[in-house]
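Enquirer: Here it is, the structure, as structure tokens.
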Amino acid sequence: MNVLELKNLGIQFGGLHAVEDLNVTIREGELYGLIGPNGAGKTTVFNLITGVYKPTVGSIFLCGKDITGKPTAEINRAGIARTFQNIRLFSEMTVRDNVKVGLMNEYPYSVFSAILRLPSYRKAEKAMNEKADKLLSIFDLGDSADLLAANLSYGKQRKLEIARALATEPKLLLLDEPAAGMNPQETEELMSTIRFVRDEFKVTILLIEHDMRLVSGICEELTVLNFGRELAQGPTAEVLRDPRVVTAYLGE
Amino acid sequence: MKKKLSPAFRDKLVTSGIVVVFFALCLILTAAGATSNQFRGLIVPIAIYIILAVSLNLTVGVLGELSLGHAGFMCVGAYVGSIVSLLLGDVIENGYLRFPIALLCGGVIAGVFGFLIGIPVLRLRGDYLAIVTLAFGEVIKTIVRNLYIATDAAGLHINFTAIADMDLDPDTQKIIVNGAMGISGSPRDSKMWIAALLVLLTVVVVMNLVDSRAGRAFMSVRDNVIAAESVGVPVVRYKLLAFSVSAFFAGIAGVLYSHNLSSISPSTFDYNLSIMILVYVVLGGIGSIRGSIIAAALLYALPELLRALNTYRMVIYAVILITMMILNNNEKFKGKLSRFSPKTLLDRMKRKGGDRI
Ligand SMILES: Nc1ncnc2c1ncn2[C@@H]1O[C@H](COP(=O)(O)OP(=O)(O)OP(=O)(O)O)[C@@H](O)[C@H]1O
Ligand SMILES: [Mg+2]
């Protein structure tokens, strides 16, 4: 089954075609890479998929359902979660609470049961805490659960963003430069974490990355963007051998 | 082994403890006749300003939206509460029965006003709420300044021109709202202990709300709206919830206010009052419920208690304000202060005990 389909997708900012005529199909369970030089339009594609921007043309399908133009929160509830290139955590909240925001739609209870501390509140909170701590331990953040997110190191903040996104139980996870600012050893760890997440959570992953070792190491398929347009598409090894891709990167 | 209290729970316990101890002391000292007239007169207003500050903090500190019209919601509560009490005055003689109805009506109607104002404004990003609430406060004040309500044998009369235009039956007439003169003769139902209970209620409700999925949703909106949306938080719905609850409690404070004085006038509920409440919130620490409580109590009571010093009163008050502001924003000072917090002291003692074994 196709988890994500982008059809003829495009957006203009003023006169600038930030993304143009983009067609991408991602199958269930795939680890898919979106690469390209700076300013190619990669983050814009994420913003289109998650409804932060509305496309000027084209459409977006999640598991066959048209989600084009839907509000961001609704798209998340439909099954897409993401991380951000410039980390966007809830910095004045604890690490655990960051994850619990992501869990809120899964464990609902009414405002009254919160105010009156009814059993439904206690039950849901307990389940949420357990789930949050499980997620945090996967990302080695168990010891930091009670810290403010702002006080985490850069690498840990990136991991927390992934944990928070996974808390919403997405079908499709979008990672925007997850290895940015990490040293080679951290990147190595991240690669195995991403693989683990894909297998453990049965989630399809689309990631943007500049680190070619990571891309060639874990991505099965690639789309290369250049000036908002598709430059190449296909299995990773083939695409990276494509002379046009090599030129685009060397010419940078 | 003893069950460990979660830090959030301990925090709430301390905050409600402060409220309980403070008001219990006030009530006991008053019952024992150990308080001065002046001090007794301060207790209900202190309760009112604590409720106002705590509820405004929900909007400003927890949700992260600036509101400059808190006095407007208080005004709605004060008027609705008094009108209800005066209309019910002949039907329900018992104040303990009547007052809860007045409180509920004042709070709910203020909350509804909050909700209605929030619907168009809270969809927008940016400080539009500040502008609209500022206008709301002024509009409400102007409306009630021109509002006349009276009853007589023929029933209820409402207009926006003058009592004289109503052709009231002179034998049975009863003026309830008298334009710029406001409302007089509200029953003095705001007993000290009722005010104290309402503070406790406000504080517990707000703290429980903040420590729940709704509260986390508020804070996620404050910290990063885009991220909040990306994890499925229905942002507008939660903004409306926080803002309406905040207005509801401002309404409750208004009812307390109008039932504490023999008369209220529209000019009380002006921009300056909204700003004063905001000052309490900011100086108490944005987002800190306990800070709002302490700041509201201290900063309201101080100028009153300093009245004896006359000329220097405002100077001393200004110095205290500035000092609080500086200390509040000083990381070094906060670090120093936290060394003496009960938690750190306890931790230190535990560690010492552990070394010995
Ligand atoms: N909201 C916006 N308004 C105007 N222009 C925009 C907006 N968002 C993105 N752009 C432009 O669209 C182009 C693509 O930007 P985008 O952030 O998608 O690039 P990117 O491929 O993610 O680059 P990088 O690798 O540096 O992150 C850039 O020229 C950028 O300036
Ligand atoms: Mg980018």
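Enquirer: At a Förster radius of 45 Å, what calculated FRET efficiency corresponds to the Cβ-Cβ distance of B:R237 and B:A34, to the nearest 0.05?
Expert: Working: r = 49 Å, r/R0 = 1.10.
Here the calculated transfer efficiency is 0.35.
Enquirer: What nm distance separates the two modelled labels at B:N146 and B:V91, each placed 7 Å from Cα along Cα→Cβ?
Expert: Inter-label distance under the simple model: 3.0 nm.
Enquirer: Could I ask something else about it? Which listed residue (B:I46, B:V177, B:I101) has the Cα farthest towards the positive end of the charge dipole for the protein assembly as shown, taking +1 on Lys and Arg C-beta and -1 on Asp and Glu C-beta about the Cα centre?
Expert: With unit charges placed on the Cβ atoms, the residue in question is B:I46.
Enquirer: Rounded, prolate or oblate: which one fits chain A, using the alpha carbon gyration tensor with axes a ≥ b ≥ c (rounded when a/c is under 1.5, else prolate when a/b beats b/c, else oblate)? Spell out each step's value before the answer.
Expert: Working: a/c = 2.10, a/b = 1.54, b/c = 1.36.
In terms of gyration-tensor shape, prolate.
Enquirer: While we're here: May I ask for the accessible area buried between chains A and B, both sides summed, probe 1.4 Å, to the nearest 100 Å²? All intermediate terms of the calculation are to be shown ahead of the outcome.
Expert: On the way: alone 12160 and 18280 Å², together 28030 Å².
The A and B chains share an interface burying roughly 2400 Å².
Enquirer: Here's a follow-up. Tell me the carbon and sulfur percent of the accessible area for segment B:45-162, rounded to whole percent, probe radius 1.4 Å. It would help to have the intermediate numbers written out before the result.
Expert: Values: 3200 of 4520 Å².
About 71 percent, which is the carbon plus sulfur part of the accessible surface.
Enquirer: Same structure, new question: For segment A:95-252, what proportion of DSSP beta bridges, expressed in % and rounded to the nearest 5, is antiparallel?
Expert: Numbers: 6 of 11 bridges.
Of the beta bridges lying entirely in segment A:95-252, close to 55 percent run antiparallel.
Enquirer: Among B:I18, B:S263, B:S244, which residue has its Cα furthest toward the positive end of the charge dipole of chain B, with +1 on Lys/Arg Cβ and -1 on Asp/Glu Cβ?
Expert: Positive-most Cα among the choices belongs to B:I18.
Enquirer: What's the ranking of A:45-54, A:142-151, A:24-33, B:239-248 by average number of surrounding C-beta atoms within 10 Å, highest first? If you can, show how the numbers build up before the last one.
Expert: Numbers: A:45-54: 21.9, A:142-151: 15.1, A:24-33: 18.4, B:239-248: 25.9.
In decreasing order of mean packing, A:45-54, A:142-151, A:24-33, B:239-248 become B:239-248, A:45-54, A:24-33, A:142-151.
Enquirer: Follow-up question, since we're still on this one. Where both residues lie in the protein assembly as shown, what percent of DSSP beta bridges are antiparallel, nearest 5?
Expert: Working: 33 of 49 bridges.
That works out to approximately 65 percent antiparallel.
Enquirer: Shielding by partners for A:72-78, please: the mean number of other protein chain Cβ atoms within 10 Å of each residue's Cβ. Kindly include the intermediate steps, with their values, before the conclusion.
Expert: Working: counts 10, 10, 3, 3, 6, 3, 1.
Per residue, the number of nearby Cβ atoms from other chains is 5 on average.
Enquirer: A further question follows. What average number of partner chain Cβ atoms lie no more than 10 Å from the Cβ of the residues making up A:86-99?
Expert: So the per-residue partner count for this stretch is 4.
Enquirer: Then there's this: Among the listed pairs A:K100/A:K202; A:K134/A:K202; A:K42/A:K202, which are separated by more than 18 Å between their Cα atoms? Can you show the working numbers first?
Expert: Working: A:K100/A:K202 21 Å; A:K134/A:K202 16 Å; A:K42/A:K202 24 Å.
Exceeds cut-off: A:K100/A:K202; A:K42/A:K202.
Enquirer: Please report, in debye to the nearest 20, how large the charge dipole of the protein assembly as shown is about its Cα centre when each Lys and Arg carries +1 at its beta carbon and each Asp and Glu carries -1 there.
Expert: Details: 61 positive and 53 negative charges, 445 e Å.
Dipole magnitude for the protein assembly as shown comes out near 2140 debye.
Enquirer: Would you mind computing, in nm to one decimal, how far apart the modelled labels at A:R213 and B:I131 are, each placed 7 Å from Cα along Cα→Cβ?
Expert: Taking the two extended label points, one gets 5.2 nm.
Enquirer: In debye, nearest 20: dipole of segment B:41-314 around its Cα centre with unit charges on the Cβ of K, R (+) and D, E (-)? Before the final figure, lay out each step's value.
Expert: Working: 16 positive and 16 negative charges, 189 e Å.
Dipole of segment B:41-314, to the nearest 20 debye: 900 debye.
Enquirer: Okay, next question. Name all residues of segment A:202-221 having a backbone nitrogen under 20 Å from the label point set 7 Å from the Cα of A:A237 along its Cα→Cβ direction, giving them as ranges.
Expert: Once the point is set 7 Å along Cα→Cβ of A:A237, A:212-221 turn out to lie under 20 Å by backbone N, inside segment A:202-221.
Enquirer: List the relative contact order of chain B as a percent without decimals, with contacts defined as Cα pairs under 8 Å and 6+ residues apart. Walk me through the numbers before you get to the answer.
Expert: Working: 530 pairs, mean separation 105.7, N = 357.
Result for chain B is 30 percent.
Enquirer: Which order do the peptides A:126-138, B:198-210 take when ranked by the mean count of other beta-carbon atoms within 10 Å per residue, highest first? The partial results should precede the final answer.
Expert: Working: A:126-138: 16.9, B:198-210: 21.2.
Result, highest mean first: B:198-210, A:126-138.
Enquirer: Please give the net charge around B:S85, taking every other residue with its beta carbon less than 13 angstrom from that of B:S85, where Lys and Arg add +1 and Asp and Glu add -1.
Expert: On the way: positive: B:R98, B:K174, B:R188; negative: B:D90, B:E93, B:D189.
Here the count lands on 0.
Enquirer: Taking only protein heavy atoms into account and a 1.4 Å probe, give the accessible area per residue of chain A in Å². Don't skip to the answer; put the middle values down first.
Expert: Working: 10990 Å² over 252 residues.
Per-residue value: 44 Å².
Enquirer: Moving to a separate point now. With a 1.4 Å probe and every protein chain left in place, work out the accessible area per residue of segment B:41-314 in Å², rounded to a whole number. Before the final figure, lay out the partial values.
Expert: On the way: 10210 Å² over 274 residues.
Averaged over the residues of segment B:41-314, the accessible area is 37 Å².
Enquirer: Multiply the residue separation of B:I226 and B:Y271 by 0.36 nm, subtract the distance between their alpha-carbon atoms, and state the gained length in nm to one decimal. Before the final figure, lay out each step's value.
Expert: Working: separation 45, 0.36 × 45 = 16.20 nm, distance 3.22 nm.
Taking B:I226 through B:Y271 to full extension adds about 13.0 nm, to one decimal.
The values are calculated or read from the model by the stated rules, or taken from the named source; none is laboratory data. Since the structure is predicted, the reported quantities are computational estimates derived from the model, not experimental observations. So basically every Cβ, Gly included, is an ideal-geometry build from the backbone, and we count neighbours across all protein chains shown. Surface areas here come from the heavy atoms of the whole protein model, side chains and all, with no ligands, DNA or RNA. Shrake-Rupley method; radii C 1.70, N 1.55, O 1.52, S 1.80 Å.
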